[in-house]
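Enquirer: Mind having a look at this structure? Questions to follow.
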Amino acid sequence: MDRRATLAILRGKKPSEAPAPPPGPNGSLTPYTGAWTYELAAHLLRRAMFGPTYAQIKDAVTKGLNATIDQLFKDTALPAPPVNHNSTEDPNVPIGSTWINAPYIDSNNVRTYRNQSLRAWTMGLLLTEGVSAREKMTLFWHNHFAINTMNINDPKFLYNYINTLRKHAWGNFRDLIKAITIDPAMLRFLNGNQNTKGSPNENYARELMELYTLGKGELAGPGDYTTFTEQDVLAMARVLTGWRDRGHYNANPMITMGSYFIPNQHDTGSKQLSHRFNNAVITNKDDKEYLDLIDLIFQKQEVARFISRKLYRWFIYYDIDAAAEQNVIEPMAQILIANNYNIKPAIQALLKSEHFYNMLNVGPLIKNPLDFIVSAIKPLEVELPNADLAARYNGWLSLYRLSPNMQMDYYNPPDVAGWKAYYQEPAYYRIWINASTLAPRMNFTNTLIGNGFNYNGFRVKIDVLKFVKTVSDPYDPNKVIEEFAKIIFPQPLPVEQRDALKEVLLPGLPDYEWGVEYTEYLEKPNDTTLAKAIETKLRNLLKAMLTMPEFYLS
């Protein structure tokens with residue numbers, strides 16, 4: 001199903017009634033100059049961050065496109081690191097202090113609580129990020145440089161890895177590649193820590209080209225993938241010999257976590273590359289040699305095109321047709337090259353472009369599980385436990401634990417290429433919705449709008465009586481439905497769907513009955529019967545809306 005068919009369904013029509021393609025190439029990277037509407041501001045924030053609130057979207061409308069883009073990419077201090085929120089078994093880390101540089105003791109409980117702390121803290125960042133693209137970009141890079149818990153099994157290594165991605169969220173792509181190449185978690189994940197001059201390990205060298213910088217082109221001959229060859233894999237593996245990680249699950253406070261170079265394990269010979277790299281020769285520079293290698297790779301313009309395509313699929317849509325390649329991808333690549341591979345100018349150009357705001361690109365992206373969870377919590381103003389540090393972390397951790405059942409476990413992508421929804425043809429995003437994941441998604445929203453989740457005595461649920469007060473005219477059932485839809489759906493609902501939802505809210509009753517009932521409730525807020533009647537109607541309405549396909553889209 002293409003995006004036009006998706007939008008037809010979103011508008012309550014049959015796929016055959018999909019809108020005709022617009023004239024021209026569906027927009028280009030030319031800056032958008034049309035009307036700045038609520039729907040477009042919401043589109044920008046939903047794609048660039050996690051679960052924007054109604055107030056944040058309205059503020060973006062007031063500020064305008066350029067000011068909102070500036071806010072999304074404003075450089076701010078990195079978040080404070082995760083802390084010990086509840087363990088009394090770690091003598092090195094008092095409750096409230098961070099464990100990221102602390103040694104371990106011989107206790108599985110210590111590693112367990114630190115893993116829980118890391119994951120809770122990560123979910124907390126998605127929920128409290130403000131108007132910023134940093135966490136969305138951090139997840140993008142986590143998918144791009146996919147490592148997983150099973151291979152690392154040390155929360156200190158995972159924290160260091162994810163913070164490396166966060167530091168470079170919209171920075172220089174070449175510098176990020178240089179940092180991740182000798183990152184201790186990556187050295188362990190792709191066996192760089194076993195790469196020796198006598199036995200070169202090719203794992204990282206292969207993924208450096210195939211997954212991280214160039215992509216694997218069409219097979220042009222034996223061992224020749226158009227962008228690189230098997231000869232290049234072996235030569236680059238030799239360049240990378242001698243690097244090791246240090247401090248993995250370590251109890252010695254004198255040994256710090258990091259990476260280091262062993263000169264006598266490094267291949268000092270000359271490395272001959274293939275015709276794909278103009279037969280270049282890399283000579284020995286010991287621990288600086290990998291920097292020359294990466295600079296050589298970045299001389300190929302295909303690097304800029306490759307990462308531009310991945311950014312396109314992340315922010316816009318999986319299908320890159322010939323027009324998008326010519327009018328969006330190639331100009332993005334040239335912006336990257338002109339800016340010495342600084343990522344921010346290219347992303348900002350994409351998010352300011354005619355193409356991004358073409359209505360065919362508003363709505364057809366299926367939310368990943370983390371986006372789905374956060375988009376039900378923040379926009380619907382669900383209150384989370386906040387009584388103390390332990391309650392806050394435990395609440396975040398409980399939400400985090402929902403996403404693996406939806407097949408997205410942060411710090412644990414299924415393979416080295418990341419989550420299949422971002423690369424597996426032909427389904428792409430549709431992979432998120434299947435027989436195994438639909439039930440957990442629906443159970444989550446049904447519980448949230450129903451009795452809620454009990455987190456250590458704190459009930460996490462949607463307060464519909466509080467939420468309805470956020471709309472401009474809660475006395476008018478049409479306004480209630482219209483604004484609820486604006487808050488949670490990517491496009492306005494057609495009249496047929498609005499009428500069907502009004503029948504859920506007021507089955508068989510005229511519009512004025514809602515105004516009468518709501519007025520009576522406000523006049524007698526302590527009357528539990530009146531409050532329950534209004535609450536039940538609103539819960540029925542929101543339950544129906546959260547089960548609609550539109551809520552699954554961004």
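Enquirer: I'm told residue 346 meets every condition in (1) in a helix (DSSP H, G or I); (2) in contact (Cβ under 8 Å) with a residue 60 or more places away in the chain; (3) not assigned by TED's automatic domain parsing to the domain that holds residue 141 except one. Can you identify the failing condition by its number?
Expert: (2)
Enquirer: Could I ask something else about it? Regarding residue 439, is this residue assigned to a helix (DSSP H, G or I), closer than 30 Å to residue 48 by Cα and in contact with a Lys or Arg (Cβ under 9 Å, 6 or more places away or on another chain)?
Expert: Criteria not met by residue 439.
Enquirer: Would you say residue 146 is at pLDDT 95 or above and farther than 22 Å from residue 395 by Cβ?
Expert: For residue 146, the condition - at pLDDT 95 or above and farther than 22 Å from residue 395 by Cβ - is met.
Enquirer: Counting just the residues of region 342-379 that are closer than 29 Å to residue 86 by Cα and among the hydrophobic types (A, V, I, L, M, F, W, C), which one comes out nearest to the chain's Cα centre (by Cα)?
Expert: In this case the residue turns out to be 370.
Enquirer: Cβ contacts < 6 Å: first residue within 25 Å of residue 260 (Cα to Cα) and at pLDDT 95 or above, restricted to region 270-291; second residue surrounded by 14 or more Cβ atoms within 10 Å (Cβ to Cβ) and aromatic (Phe, Trp, Tyr), any location; separation 6+ or different chain. Result?
Expert: The qualifying pairs are 287/261.
Enquirer: Condition test on residue 388, is it of a type in the set (Asp, Glu) and free of Cβ contacts under 8 Å to residues at least 24 places away in the same chain?
Expert: Taking the combined requirement at face value, the residue satisfies it.
Enquirer: Right, here's the next one. With (1) under 17 Å from residue 179 (Cα atoms); (2) surrounded by 20 or more Cβ atoms within 10 Å (Cβ to Cβ); (3) of a type in the set (Lys, Arg) as the list, and residue 246 as the residue in question, which single condition is left unmet?
Expert: Checking residue 246 against (1) under 17 Å from residue 179 (Cα atoms); (2) surrounded by 20 or more Cβ atoms within 10 Å (Cβ to Cβ); (3) of a type in the set (Lys, Arg), the one that fails is (2).
Enquirer: Among the residues of region 433-478 satisfying the criterion of being in contact with a Ser or Thr (Cβ under 8 Å, 6 or more places away or on another chain) and polar (S, T, N, Q), which is surrounded by the most Cβ atoms within 10 Å (Cβ to Cβ)?
Expert: The extreme case among them is 445.
Enquirer: Given the condition within 18 Å of the chain's Cα centre (by Cα), closer than 18 Å to residue 258 by Cβ, β-branched (Val, Ile, Thr) and in a helix (DSSP H, G or I), answer yes or no: does some residue in region 163-180 qualify?
Expert: Yes: region 163-180 contains one or more residues that are within 18 Å of the chain's Cα centre (by Cα), closer than 18 Å to residue 258 by Cβ, β-branched (Val, Ile, Thr) and in a helix (DSSP H, G or I).
Enquirer: Quick check, is residue 416 out of contact with any strand residue (DSSP E or B) (no Cβ under 9 Å at 6 or more places or on another chain), in a loop (DSSP other than H, G, I, E, B) and β-branched (Val, Ile, Thr)?
Expert: For residue 416, the condition - out of contact with any strand residue (DSSP E or B) (no Cβ under 9 Å at 6 or more places or on another chain), in a loop (DSSP other than H, G, I, E, B) and β-branched (Val, Ile, Thr) - is met.
Enquirer: Moving on. Does residue 486 satisfy the criteria of being among the charged types (D, E, K, R) and within 15 Å of residue 377 (Cα to Cα)?
Expert: Judged against the criteria, residue 486 is not a match.
Enquirer: Filter region 388-413 down to the residues that are more than 17 Å from residue 185 (Cβ to Cβ) and in a loop (DSSP other than H, G, I, E, B), then identify the one that is modelled with the lowest pLDDT.
Expert: 388
Enquirer: Let me ask something else. Looking only at region 359-381, how many residues end up being crowded, with 19+ Cβ neighbours inside 10 Å and either without any contact (Cβ under 8 Å) to a residue 40 or more places away in the chain or in a loop (DSSP other than H, G, I, E, B) (or both)?
Expert: So the count comes out to 9.
Enquirer: In the set 429, 512, which member is aromatic (Phe, Trp, Tyr), out of contact with any strand residue (DSSP E or B) (no Cβ under 8 Å at 6 or more places or on another chain) and assigned to a helix (DSSP H, G or I)?
Expert: On inspection, the qualifying residue turns out to be 512.
Enquirer: To continue, here is another question. Can you tell me which residues in region 171-190 are surrounded by 20 or more Cβ atoms within 10 Å (Cβ to Cβ), closer than 25 Å to residue 304 by Cα and hydrophobic (A, V, I, L, M, F, W, C)?
Expert: Result: 173, 176, 177, 180, 182, 186, 187, 190.
Enquirer: Would you please list the contacts, defined by Cβ atoms under 8 Å and residues six or more apart or on different chains, that run from a residue in region 227-242 that is more than 20 Å from residue 264 (Cβ to Cβ) to a residue that is acidic (Asp, Glu)?
Expert: Every condition considered, the pairs that remain are 227/302; 228/210; 230/224; 233/202; 234/202.
Enquirer: For residue 157, state whether it is surrounded by 21 or more Cβ atoms within 10 Å (Cβ to Cβ), out of contact with any His (no Cβ under 7 Å at 6 or more places or on another chain) and of a type in the set (A, V, I, L, M, F, W, C).
Expert: So residue 157 does not fit the description; no.
The values are calculated or read from the model by the stated rules, or taken from the named source; none is laboratory data. Source: prediction; values computed, not measured. Virtual Cβ from ideal backbone geometry, glycine too; neighbours counted across all protein chains shown.
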